[in-house]
1. Just how much of VAL391 is accessible, in Å², when a 1.4 Å probe is used and the result is rounded to the nearest 10?
2. Measure off, as a whole percent, the carbon and sulfur share of the 1.4 Å-probe accessible area of the range 96-252, all protein chains present.
3. Based on alpha-carbon positions alone, could you give the equivalent ellipsoid semi-axes of the range 278-348 from the gyration tensor, as √(5λ), descending, whole Å?
4. What span do the alpha-carbon atoms of the range 42-166 cover on each of the three principal axes, reported in whole Å from largest to smallest?
5. Which of the GluC sites (Glu not before Pro) across the range 334-405 are loop residues per DSSP, with 11 or fewer other Cβ within 10 Å?
6. If you filter the range 134-181 for trypsin sites (Lys or Arg not before Pro), then keep DSSP loop positions with at most 12 other Cβ within 10 Å, what is left?
7. Give the cross-link partners of LYS52 among the lysines, using a straight C-alpha distance below 29 Å as the criterion and excluding same-chain residues fewer than 8 apart.
8. Per residue, what volume in Å³ does the convex hull of the Cα atoms of the chain enclose?
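The values are calculated or read from the model by the stated rules, or taken from the named source; none is laboratory data. No experiment lies behind these values; they were computed from the predicted model shown. Every residue, glycine as well, gets a Cβ built from its backbone with ideal geometry; the counts of neighbours run over all protein chains shown. Quick note on the areas: whole protein, heavy atoms, side chains included, nothing else; ligands and nucleic acids left out. Shrake-Rupley method; radii C 1.70, N 1.55, O 1.52, S 1.80 Å.
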Amino acid sequence: MRLPAAPPVACASAERARLDRATASCDAPLAVVDLQAFDANAADLVRRAQGKPVRVASKSVRCRALLERVLVRDGFTGVMSFSLAESLWLARSGIEDVLLAYPSADRAGLAELTSDPKLARAVTVTVDDPAQLTLIDAARAGREEVRVCLELDTSLRLLGGRLRLGALRSPVHDPERLTDLARSVVRRPGFRLVGLLAYEAHVAGVGDAVEGRPLYSRSVRLMQAAARRELAARRAEAVRAVRAVADLEFVNGGGTGSVQHTAAEDAVTEVAAGSGLFVPRLFDHYRSFRGRPAALFALPVVRRPGPGVVTAQGGGYPASGAAGADRLPHPYLPAGLRLDPREGAGEVQTPLTGQPADDLLVGDKVWFRHAKAGEMCERFEALHLIDGDRVVETVPTYRGEARTFL
């Protein structure tokens, strides 16, 4: 089942009216999550995972209440975290399976991890270099065994390695080198090798059906098809080699954009996804699935500078990554509004142009979609959870719990 990326034009006014009714007593700026869309997106991720568990990427959610909501669903297991401090906080909060997907130099956090049995059982750290093991040893404050996951570089390398397509993450590309790293872990006292991570960002995080760019989209599809074939063979070889060294508990791969492809690999035991729960703007451009926008934010109209223009308060919430128009928030409802090309999304105010501006009054809400998922939560202390046309609960984001990890 393919879910609509946005309400049909004829339904846009009804959708806006529903959101306005639900938040009538709430002043903007504010952020909401539509629970019906969130739950439908979660179900679709499980469907695409084809029976393999989905590990939820916390950086794409950044709200404990919503992490807990999705983790109680069949098909989801564990969290993929983005910082050691976050990992320890989640583990202390009761989440028993936290995979820290990025190496850490947080010495205080490593000292805490190695001195607390509960945290050491719950948190797995990722490494791709023996120097990271040395850093952990230097920071040790106790004798607790550290659970370790290795990361395999998934990039597609062409022209003898001169061309690299993929994220600049792990330096470990070859199964032989990964096996050497595995041996260095198992030989080292105080560490236990339990997992393997291989995140194919160039497949999972790059849309292959960008509106108005057919040649680009075609080239992305060709690249991704080649990348999937190459990685499936290399990942299987790497897993076989590492399993000969240690009894792995899990092999993690994927991402929202490649869940169904990665889950089809026998070598993979679980897939990761997070953005597919919120479905931000950058995830509109995939042929293989359609999600429902679940996370939105609203800004209030505070000025009417002239015909066809209104000014909203706030809005300067660009997404991370290479700077460009695709990283800016997108005016969503009322349909037809546009960012001013000279001002974009401003630090404290955002001009909006288009015919619908003439129908907006001071105090009205304009609804936006963020380009990425969890980054929206860094701008708001709370999320209003909507069911139908009412707010059923208001929950804190990480920021609302005074947690700013990066």
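1. That residue has around 50 Å² of solvent-accessible surface.
2. Within the range 96-252, the accessible surface is 52 percent carbon and sulfur.
3. After diagonalising the Cα gyration tensor, the semi-axes are 24, 14, 11 Å.
4. Principal-axis extents of the range 42-166 (Cα, largest first): 46, 43, 22 Å.
5. Loop-located and lightly packed - GLU347.
6. Counting only loop positions with at most 12 other Cβ atoms within 10 Å, the trypsin sites (Lys or Arg not before Pro) in the range 134-181 are ARG143, ARG162.
7. Cα-Cα hits under 29 Å: LYS118, LYS372.
8. Spread over its residues, the Cα hull of the chain gives 143 Å³ apiece.
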